[in-house]
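Here's the structure, in structure tokens; my notes come after.
The values are calculated or read from the model by the stated rules, or taken from the named source; none is laboratory data. Owing to the predicted nature of the structure, the values given are computational and were not obtained by experimental measurement. FYI the Cβ positions are ideal-geometry reconstructions off the backbone, even for glycines, and counts take in every protein chain you see.
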């Protein structure tokens, strides 16, 4: 109980296991084991989605053609965060970036290991840095770093 | 597409802290509980006695305040019982809740609503619907009881469970 | 009368299972959506709006409609709304679909209910629905309170007789489920003894008195009178919908006789012109989370007098081939993907009206009831038929 | 068949309504509405609530308010999400001709939970959640991409906050009533570049209620009904990398559709007042563009022109907006309530003279993913 008797301090604490499905699993396996970033191509609009998902939400078509995209790409946007939460994988300050990987038609959102906003610029090139001990998580790409 | 073998799952533990307001009547309830008094709130219009106490009589749609709070008996009548005998994760702690445990719905004397709470009995043959029950205070328990606390603190653990009264106690 | 008549014109369900470890949440929902579209011979672009729902804390996804609405249902740049009311989520979605069309705002809507219970846990999630101070510490999900209610009901009407009649409900529903390819627990050879000798889970409820936890999705396409005719010759029309809610605290009433079902059914019978539900309804799909609940709910819905729920079974009225079969699909005792469950009731009622029930079809079904149950013991009802007009 | 707002009630928005449970908070505002209209709970046909389970820390969040909104034995339903969407469902129930009156209630208490963790749960558990994203970081991404694409300055963004906070001073319900300068915003601590603490909204507690009625009943209950003239709902892509982060394309589509329904050809001329859910300073500039108040990329110039201030051609957020009172799920319904107050001439010191047509915008999710645009008119 809190010192303040007007409130009840409690938590909602639940362990979840989210089934990844074949698309997510393949993507995570490839980045972890082979350091390859894979996308899927829509049979209708031909867009390559990275990270992959089963259905192209614009065409509502099932996507089945896998395409490897580059480990490098162009930074389209970023922010540097200085607030802190319990679920952040890096200690602030660090950056989040929106990145268009070479060969992809959608962007990937990920961490950028850079804490100075002045050192980041839309249009600059970045490269994926892989985690040494893959755990089949999106964080097997540990972060992107400016080239 | 070749499906990957396995049925891979990604784990995520949600752990969200909350500070829920309990309302003025509940604050008063816990203050009085410390003095060993169990309070309900009585609708000023229809007279319905609510337990737990709260700020609204839903039937009349009128407000109840701390001035409408009235002491109830710690004794009451057993309306229904069960013995929970299955495993599950308790979202309050994120861990498995110990089981089996007795779980009862009873009506404290003077209340028009009911109370669902733990019961220290886990043999379902020992319960009898309509029998008398009593709210147990933590400081009255033997010192080695897991719910024992030397004094009342004015929180939900002051009454750790409901106890079935034996015939000779009634 | 509503401004527009409302019909169900297409239905898609996944096969419900305890675990769907082959697909993730959007992939699972996509199966049901695709099936519904194929059923109505429509494309996603033909649908005006999406209503989708599940329980947030069951899978731990906040605003799940924003993910599933786009990546499972393809509602990119279109209207998406989430409706979530616990066990009644499916019926609240179904009723919201009705108002979306009846109001004239949309011509065709897609209604989707889903749950993937193995990813979190139903009991764990349900505990968070209750008051953190007064209810959560001792509550054991839905089953604890349902066992209390069963206990009150059974002791009122004779414990042995009641639990035996309850076991008969399980036998009826689980063997009905064997006729339903989508049902989760299909047990064609189940016996009363088998149910009554299963493990005691929460006295007086045994393992087989309880519904399973299922994973799956249900998608239903609604259309107004102009559009429905273009899609199918045989839509299931809404004659009416009805809802009754109750107190915030689960313990404010003993509720073993589900007062909200009585309130909601009286309202809808009046509106639809039903005098004798057994005669006027041909089939009912009700939300019975545990065995005894079907006895109590059918009483509260006015199918028989209070305390006489077992007579519907004893006299064969609620069985397949009876005067008014209850839960030909196998009901909730066979399949319970919570956010989808009540929508499955509406969908199964529609399937009966459309005459597409296959082995579970009730011959000549013309008026059907669907029921949702949830929240702090709320009831939601729909009555469907071959036409939108009142029965009399 | 028409649907009217016949009365609205709001609580004062505060950082912490520590003495009220959800039940008591909603009761306060619903009872206030009853008294104002001279009705009892029996006069209410049906109830729609808007709330969110994560925000409230309660699954089936509407269960917690049944006693407070007066829905015991009645038909209540609940839209999970912003109150503007709840308004739409309530309006549908009236338009269906099955209810003469429908009560809409929306509530939130941001003080009770950790908003960053609650918002982190919006992100999918495979690709985004593990990155630790939340509403602040995604707002930072969007603000930076929008501002750098169109050359919007931090001063221009700050002007939105200054305007809204100044307006809030006229609104007795507003949470933060403190005038600030552009300099105060620029000097406040950086949270997610380029957004600083004052670019982001506060966290507030409160509730809002309104009664909707059909034409016949509306005439009995009020001389100043507020009619729904246009509505549209449009959802953007989910994954942040699939979104257009520099333009609110879903809001733009929703606005076009709602304008068409309401017969609005020139929003600046035809709309007298707009209440929008702006989740960060530059967001309001993006909203101007999407609503067609100015051209693409001209949000900065438009705030410079002063036309969205009180007395301008199209005052935006006379109430002070979300940047002054951020009641999570209630924000959209508060916008609707504020437009209704404006169109009935009851907005007191924040009144726009002769306001005839108003726009309310409510949103769900991260950075305007779910968009609800509503156009209202008086008689």
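For residue C:227, are the conditions met, namely being at pLDDT 95 or above, surrounded by 21 or more Cβ atoms within 10 Å (Cβ to Cβ) and over 21 Å from the mean Cα position of the chain (by Cα)?
Working: at pLDDT 95 or above: yes; surrounded by 21 or more Cβ atoms within 10 Å (Cβ to Cβ): yes; over 21 Å from the mean Cα position of the chain (by Cα): yes.
Criteria met by residue C:227.
Being closer than 27 Å to residue A:52 by Cα and more than 7 Å from every other protein chain (Cβ to nearest Cβ) is the filter here; which residues of segment D:237-263 pass it?
D:239, D:243, D:244, D:246, D:247, D:248, D:249, D:251
(1) within 7 Å of another protein chain (Cβ to nearest Cβ); (2) surrounded by fewer than 22 Cβ atoms within 10 Å (Cβ to Cβ); (3) in contact (Cβ under 8 Å) with a residue 12 or more places away in the chain: which one isn't true of residue C:137, the others all being true?
Unmet condition: (3).
Are there any pairs, at least 6 apart or on different chains, whose C-beta atoms fall under 7 Å, with the first in segment D:212-229 and surrounded by fewer than 18 Cβ atoms within 10 Å (Cβ to Cβ) and the second in a loop (DSSP other than H, G, I, E, B), and if so, which?
What qualifies is D:215/D:2; D:224/D:344; D:224/D:378; D:227/D:2.
Residues checked against (1) in contact with a strand residue (DSSP E or B) (Cβ under 8 Å, 6 or more places away or on another chain); (2) at positive phi:
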site: B:110; (1), (2): yes, yes
site: B:123; (1), (2): yes, no
site: B:126; (1), (2): yes, no
site: B:151; (1), (2): no, no
site: B:158; (1), (2): no, no
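What number of residues within segment D:92-112 are touching a strand residue (DSSP E or B) at 6+ places or on another chain (Cβ under 6 Å), away from chain C (no Cβ under 11 Å) and outside any loop (DSSP other than H, G, I, E, B)? Walk me through it before giving the result.
Initial filter on segment D:92-112 (touching a strand residue (DSSP E or B) at 6+ places or on another chain (Cβ under 6 Å)): D:93-95, D:99-107, D:109, D:111-112.
Okay, now just the ones that are also away from chain C (no Cβ under 11 Å), so D:100-101, D:103-107, D:109, D:111.
From the residues that got through so far, the ones that are outside any loop (DSSP other than H, G, I, E, B) too are D:101, D:103-107, D:109, D:111.
Here the count works out to 8.
Quick one: residue C:76 ticks every box in (1) at the interface with chain D (Cβ under 9 Å from one of its Cβ atoms); (2) part of a helix (DSSP H, G or I) except a single one, so which number is it?
The one condition residue C:76 does not meet is (2).
Output the residues belonging to segment D:53-91 that are within 27 Å of residue C:59 (Cα to Cα), in a loop (DSSP other than H, G, I, E, B) and within 7 Å of another protein chain (Cβ to nearest Cβ).
Residues satisfying the conditions are D:57, D:58, D:59, D:60, D:81.
Any chance segment B:40-49 includes a residue that's part of a helix (DSSP H, G or I), more than 21 Å from residue D:18 (Cα to Cα), modelled with pLDDT of 95 or more and out of contact with any strand residue (DSSP E or B) (no Cβ under 6 Å at 6 or more places or on another chain)?
Going residue by residue through segment B:40-49, those that are part of a helix (DSSP H, G or I) are none.
Scanning segment B:40-49, I find no residue that is part of a helix (DSSP H, G or I), more than 21 Å from residue D:18 (Cα to Cα), modelled with pLDDT of 95 or more and out of contact with any strand residue (DSSP E or B) (no Cβ under 6 Å at 6 or more places or on another chain), so the answer is no.
Just to verify a result, which residue in segment D:1-45, among those that are within 20 Å of the chain's Cα centre (by Cα), more than 10 Å from every other protein chain (Cβ to nearest Cβ) and assigned to a helix (DSSP H, G or I), is farthest from residue C:2 (Cα to Cα)?
Filtering segment D:1-45 for residues that are within 20 Å of the chain's Cα centre (by Cα), more than 10 Å from every other protein chain (Cβ to nearest Cβ) and assigned to a helix (DSSP H, G or I), the one farthest from residue C:2 (Cα to Cα) comes out as D:29.
Can you tell me which of D:46, D:96 is within 20 Å of residue D:336 (Cβ to Cβ) and either buried (at least 24 other Cβ atoms within 10 Å of the Cβ) or free of Cβ contacts under 8 Å to residues at least 40 places away in the same chain (or both)?
Working: D:46 fails: either buried (at least 24 other Cβ atoms within 10 Å of the Cβ) or free of Cβ contacts under 8 Å to residues at least 40 places away in the same chain (or both).
Of the residues listed, the single one that is within 20 Å of residue D:336 (Cβ to Cβ) and either buried (at least 24 other Cβ atoms within 10 Å of the Cβ) or free of Cβ contacts under 8 Å to residues at least 40 places away in the same chain (or both) is D:96.
Would you point out which residue out of B:130, B:154 is loosely packed, with under 12 Cβ neighbours inside 10 Å, in a loop (DSSP other than H, G, I, E, B) and within 14 Å of chain C (Cβ to nearest Cβ)?
On the way: B:154 fails: loosely packed, with under 12 Cβ neighbours inside 10 Å.
Being loosely packed, with under 12 Cβ neighbours inside 10 Å, in a loop (DSSP other than H, G, I, E, B) and within 14 Å of chain C (Cβ to nearest Cβ) holds for just one of B:130, B:154, which is B:130.
Got a sec? Which of C:204, C:188 is within 24 Å of residue C:326 (Cα to Cα) and more than 14 Å from chain B (Cβ to nearest Cβ)?
Details: C:204 fails: more than 14 Å from chain B (Cβ to nearest Cβ).
None of the others qualify; the one that does is C:188.
Which ones in segment A:77-97 are in contact with a helix residue (DSSP H, G or I) (Cβ under 7 Å, 6 or more places away or on another chain), touching a residue at least 24 places away in the same chain (Cβ under 8 Å), within 22 Å of residue A:130 (Cβ to Cβ) and surrounded by 19 or more Cβ atoms within 10 Å (Cβ to Cβ)?
A:78
Residues checked against (1) more than 14 Å from chain A (Cβ to nearest Cβ); (2) in contact (Cβ under 8 Å) with a residue 40 or more places away in the chain; (3) under 25 Å from residue D:312 (Cβ atoms):
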position	(1), (2), (3)
D:128	no, yes, no
D:135	no, yes, no
D:147	no, yes, yes
D:153	yes, yes, yes
D:170	yes, yes, yes
D:184	yes, no, yes
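Which one of these is within 20 Å of residue D:333 (Cβ to Cβ) and touching a helix residue (DSSP H, G or I) at 6+ places or on another chain (Cβ under 7 Å): D:108, D:138? Give the derivation first.
Numbers: D:138 fails: within 20 Å of residue D:333 (Cβ to Cβ).
Within the list D:108, D:138, the selection yields D:108.
Would you check if residue A:87 is within 12 Å of chain D (Cβ to nearest Cβ), assigned to a strand (DSSP E or B) and modelled with pLDDT of 95 or more? Lay out the reasoning, then the answer.
Working: within 12 Å of chain D (Cβ to nearest Cβ): yes; assigned to a strand (DSSP E or B): no; modelled with pLDDT of 95 or more: yes.
Against the criterion (within 12 Å of chain D (Cβ to nearest Cβ), assigned to a strand (DSSP E or B) and modelled with pLDDT of 95 or more), residue A:87 does not qualify.
Of the residues in segment B:57-101, how many are assigned to a strand (DSSP E or B) and either more than 14 Å from chain A (Cβ to nearest Cβ) or on the phi > 0 side of the Ramachandran plot (or both)? So that I can check it myself, show each step before the final result.
Taking segment B:57-101 as the starting set, the residues that turn out to be assigned to a strand (DSSP E or B) are B:57, B:62-63, B:69-72, B:75-84, B:89-90, B:95-96, B:101.
Filter once more, so that each one left must be either more than 14 Å from chain A (Cβ to nearest Cβ) or on the phi > 0 side of the Ramachandran plot (or both): B:57, B:62-63, B:69-72, B:75-84, B:101.
Within segment B:57-101, residues that are assigned to a strand (DSSP E or B) and either more than 14 Å from chain A (Cβ to nearest Cβ) or on the phi > 0 side of the Ramachandran plot (or both) number 18.
For segment C:301-323, what are the residues that are crowded, with 24+ Cβ neighbours inside 10 Å and touching a strand residue (DSSP E or B) at 6+ places or on another chain (Cβ under 9 Å)?
Across segment C:301-323, the qualifying residues are C:301, C:303, C:312, C:318.
List, please: which pairs have Cβ atoms under 6 Å, are six or more places apart or on different chains, and start with a residue in segment C:25-47 that is more than 8 Å from chain A (Cβ to nearest Cβ) and end with one that is assigned to a helix (DSSP H, G or I)?
Pairs found: C:29/C:68; C:40/C:231.
Please go through segment C:241-267 and give me each residue that is more than 8 Å from chain D (Cβ to nearest Cβ), surrounded by fewer than 24 Cβ atoms within 10 Å (Cβ to Cβ) and closer than 27 Å to residue C:7 by Cβ, ordered by number.
C:266, C:267
Need pairs with beta-carbon distance below 7 Å; first residue farther than 28 Å from residue B:49 by Cα and within segment C:253-275, second part of a helix (DSSP H, G or I); sequence gap 6+ or separate chains.
Going by the 7 Å Cβ cut-off, the qualifying pairs are C:269/C:277; C:274/C:280.
When you go through C:180, C:173 one by one, which is the residue that is under 20 Å from the mean Cα position of the chain (by Cα), under 21 Å from residue C:111 (Cβ atoms) and not in a strand (DSSP E or B)? It would help to see each step written out before you state the result.
Numbers: C:173 fails: under 21 Å from residue C:111 (Cβ atoms).
Result: C:180 is the single residue among C:180, C:173 that is under 20 Å from the mean Cα position of the chain (by Cα), under 21 Å from residue C:111 (Cβ atoms) and not in a strand (DSSP E or B).
Test residue B:113 against the criterion of being within 12 Å of another protein chain (Cβ to nearest Cβ), in a loop (DSSP other than H, G, I, E, B), touching a helix residue (DSSP H, G or I) at 6+ places or on another chain (Cβ under 6 Å) and crowded, with 17+ Cβ neighbours inside 10 Å, and give yes or no. Walk me through how you get there before you give the answer.
Details: within 12 Å of another protein chain (Cβ to nearest Cβ): yes; in a loop (DSSP other than H, G, I, E, B): yes; touching a helix residue (DSSP H, G or I) at 6+ places or on another chain (Cβ under 6 Å): yes; crowded, with 17+ Cβ neighbours inside 10 Å: yes.
Criteria met by residue B:113.
Taking only segment D:178-212 into account, find how many residues are at pLDDT 95 or above and assigned to a loop (DSSP other than H, G, I, E, B). Before you say what the answer is, go through the steps one by one.
In the first step, residues of segment D:178-212 are kept if they are at pLDDT 95 or above; the result is D:180-212.
The next check asks that each one be assigned to a loop (DSSP other than H, G, I, E, B); those that pass are D:180-181, D:188-189, D:193-194, D:200-204.
Number satisfying all stated conditions: 11.
Okay, residues lined up against (1) farther than 30 Å from residue B:25 by Cβ; (2) in contact with a helix residue (DSSP H, G or I) (Cβ under 7 Å, 6 or more places away or on another chain); (3) buried (at least 24 other Cβ atoms within 10 Å of the Cβ); (4) at the interface with another protein chain (Cβ under 7 Å from one of its Cβ atoms):
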residue: C:71; (1), (2), (3), (4): yes, yes, yes, yes
residue: C:80; (1), (2), (3), (4): yes, yes, yes, yes
residue: C:99; (1), (2), (3), (4): yes, yes, yes, yes
residue: C:111; (1), (2), (3), (4): yes, yes, yes, no
residue: C:115; (1), (2), (3), (4): yes, yes, yes, no
residue: C:120; (1), (2), (3), (4): yes, yes, yes, yes
residue: C:133; (1), (2), (3), (4): no, yes, no, yes
residue: C:155; (1), (2), (3), (4): yes, no, no, yes
residue: C:160; (1), (2), (3), (4): yes, no, no, no
